[in-house]
Amino acid sequence: MKRWLDALLFRLSGRKSLTWQIGLLFALISFLVIAAMGFSIDRMLSSELLEANDVLLLGNMSVLRNRLMRLGASESILNSPRFVEETAMGYRKLGLAVLDEDRRILAASEGFSVPPKALPEQAIPIEALPEHIDNDAERALQAGFGRLSREWTAPDGRWYQVLLARVSLPSSASGKPRSVLIALSYERSLPRELLARYRKGLLETLIASVLAAAALGVWAARLVLKRARRIAATAGRISAHALNERLSLEDTPEEFLESTLAFNHMLDRLQDSFTRLSEFSSDLAHDLRTPINNLLGEAQVALSRPRDAAEYRAVLESAVEEYERLSRMIENMLFLARADNAQALAAPQWIDLRQALGKILSYYELLAEERNIRLSLEVRSEKGGKARAWADELMLNRAVGNLISNALRHGERDCTVSVKALARGDGSAEIEASNPGAGIAGEHLPRIFDRFYRPCSSREGSAAGSGLGLAIVKSIAELHGGRVGVRSEPGLETAFTLSFPAAGRA
């Protein structure tokens, strides 16, 4: 119930819905396509009807010319009402009028209602009309005389198309040429009604198509986003106690395959991180419990009976060792926390490897002598360059010291711990610390740099180290933009490497 309420509040908050956006996009595309097609068809249909009407008027004018050729073109015949009505053929949508050169109506059929001022400005010589009228003939005449007919709308809304032709008459007694004008009109109400019905149908089709496209877009969007909802549902079921949820790849569309794999990989990383966090908490509790129990036990024994000052002093001296161990552990944990949050900033500079590593090895000579272990140092440089590294001096000392301390702790007695450094020509450097010994099993190598991780499951030797030394080495390398590595040959040798990039490449 709470989930549905949250979803409702989310929608009412004015957030944009991807489903409705896709639906509106479908509707917009449908509107543009159908509107463009309808507009094109409307223009083409209007042009075709106009051209067809011109052909109709020209055809009737050609019939009139042929009739005049048989009867003889004279003013008496043209002014005859009988001739005018017969020429109009009784077709009520076709009107005929005879006008003088000043465009005064001499005779007109019953269906002619176009005023003289609405007639075309140019009259076509009737002799120029071809014998057969078709679309090609109409286009040829239009190319020669321009626009042939003219449109006129009557006050009552009727729509007319008018064609004007000039008929030559016999010359007058004075020899002056004479002519009359013949106007043919055609009522275009029917084509106009046809266009009106077409446009109304187009509008209805457009509205229906837009609504259908919007509905189809919403359905398609919901179908496509169904996979995203499954991801959300899977994410909603994930908790610290249920990290084994994964999205199935069998029914995943190809377009969602990459995101599904990325989501599953994210869950893998989360599960691994939670597992490591749980192990970290357990290891931390164990490593803190040991010194605390030691301190508690010594204090309880010391207080079990009265003792002299020397005995109390011995207890306090023993407690100092445990306090120092706790202090080192806390300091290491703080360093790792600062490194994770980018609060530990490195201040790199050019460091002479031979001098710096020599000082570090001299610090561990006494510890090595106690375990009868020899220390060796080898520093090389490529192409005769300087044996140096671009690193923070304090961090380099700490990282190399941790590697040497780890090698001394796990090296066999009467062996040699080797420290090798290589300065490359591009300015990068690599330091390796190796020791002979039992080695590390292959299954432990991927996690050897994890915090509190120890290959020995029984936690033997936990008092000697906190399990944070190699994790600190890794963090120092990453702060410099470098990397760490390990190689181990069981029963032979174990070597840890620490690399620093060239200046400016971190």
Explain nothing, just compute: Karplus ³J(HN,Hα) = 6.51 cos²θ - 1.76 cosθ + 1.60, θ = phi - 60°, for every residue of region 231-238 in order, whole Hz, x for Gly and Pro. 5, 5, 5, 5, 4, x, 8, 7
What shape does region 326-444 take by its C-alpha gyration tensor, where a ≥ b ≥ c are the square roots of the eigenvalues and a/c under 1.5 counts as rounded, a/b above b/c as prolate, and the rest as oblate? oblate
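Could you rank PHE145, PHE335, PHE274 by how accessible they are, 1.4 Å probe, largest area first?
Result, largest first: PHE274, PHE145, PHE335.
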Cβ-derived FRET efficiency at R0 25 Å, GLU127 paired with SER47, nearest 0.05: 0.35
Extension gain ALA212-ARG424, at 0.36 nm per residue separation less the Cα-Cα distance, in nm? 69.4 nm
Could you state how much accessible area ASP308 has, in square angstrom rounded to the nearest 10, with a 1.4 Å probe and all protein chains kept in place? 80
Past 22 Å, Cα to Cα, is the threshold; run LYS386/LYS474; LYS117/LYS200; LYS359/LYS420; LYS383/LYS420 against it and keep the listed order. LYS386/LYS474; LYS117/LYS200
With a ≥ b ≥ c the root eigenvalues of the C-alpha gyration tensor of region 382-426, is it rounded (a/c under 1.5), prolate (a/b larger than b/c) or oblate? oblate
For GLU369, GLU250, write out the residues from largest to smallest accessible area, computed with a 1.4 angstrom probe and no ligands counted. GLU250, GLU369
If you count only protein heavy atoms and use a 1.4 Å probe, how large is the accessible surface of GLU193, to the nearest 10 Å²? 100
Row for region 295-386, column shape: gyration tensor on C-alpha, a ≥ b ≥ c, rounded if a/c < 1.5 i.e. under 1.5, prolate if a/b over b/c, else oblate; value oblate
Sorted by accessible area with a 1.4 angstrom probe, largest first, how do GLU255, GLU493 fall? GLU255, GLU493
Taking the full set of protein chains and a 1.4 angstrom probe, give the accessible area of ARG166 in square angstrom, rounded to the nearest 10. 90
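The values are calculated or read from the model by the stated rules, or taken from the named source; none is laboratory data. Since the model is a prediction, treat every value here as computed from it, not as a measurement. Cβ: placed from backbone, ideal geometry, glycine included. Neighbour counts: every protein chain shown. These accessible areas exclude ligands, DNA and RNA; they are computed on the full protein's heavy atoms, side chains included. Shrake-Rupley method; radii C 1.70, N 1.55, O 1.52, S 1.80 Å.
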